[in-house]
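Notes follow the structure.
Any read-out appearing in this document is the output of simple, stated calculations on the displayed coordinates, not a laboratory observation. Just so we're clear, the structure is a prediction, and the values are computed from it rather than from any experiment. Heads up, the Cβs are rebuilt from the backbone with ideal geometry, glycines too, and the neighbour counts pull from every protein chain shown.
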Amino acid sequence: MSNFKRYYNNNNIVFLTIVTYNRNPILIENIVILRTALKSVKYEYKIIAGIVLADHIHLLIQTKNAADFPKIIASFKVNFSRNLQFNENQTLNQKQRREKGIWQRKYYDHIIRDENDFYKHLDYIHFNSMKHLNIKPSDWEYSSFNKFVSNGYYEKNWCNFNDKHNISSMNLE
């Protein structure tokens, strides 16, 4: 058992990376289930930004109750897993833990420290379609990028192919 502790404060914004087990590319083909799972979380939270790729998601989320962050992630994973028809062979350890082998057990989180840190992670989320798929953020439909464009935060052509090398030094996975 790990002694690892997460320390959140009320109203923190947290950057999350949640990855499928063995990076299995199942998320896009099950996007309706994923969206329903995010909406079905029984704890109050707000998604500020996000992107879904085939094998992982990045989110910036905020909740009033700091104790809810791990519960939100667990609830999301359970909701998704319950509704997914998945035929992979489970290991004995997964069966004992009642896991289906859909998600990596751990997830990456980072508490946003200040405005600069927020914008760095926001850019990283929206850069991910370029990083992994070589698709411009404005062309990737499973991202909050176009919402930020319509709100005037980004230009539609932000992160064109020339910008890719400037942003690619960020590695938050």
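What is the ratio of the Cα radius of gyration of the stretch 98-153 to 2.2 N^0.38 Å, where N is its residue count, to two decimals?
Here the Cα radius of gyration is 1.42 times the empirical estimate.
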Cα Rg, Dmax (largest Cα-Cα span) when computed across the stretch 20-79, Å: 11.6, 33
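Let me check I've understood the local charge: for Asp117, count other residues with C-beta under 14 angstrom from its C-beta, Lys and Arg +1, Asp and Glu -1. What total comes out?
Here the count lands on -2.
Within the set of other residues whose C-beta is less than 11 Å from the C-beta of Leu59, count the net charge using Lys and Arg as +1 and Asp and Glu as -1. Mind showing how you got there, number by number?
Working: positive: Lys46; negative: Asp109.
In short, 0.
Work through the residues other than Ile31 whose Cβ is under 14 Å from its Cβ and net out their charges, Lys, Arg +1 and Asp, Glu -1. Can you show the working numbers first?
Working: positive: Arg35, Lys39; negative: Glu29, Asp55, Glu141.
My count for the surroundings of Ile31 gives -1.
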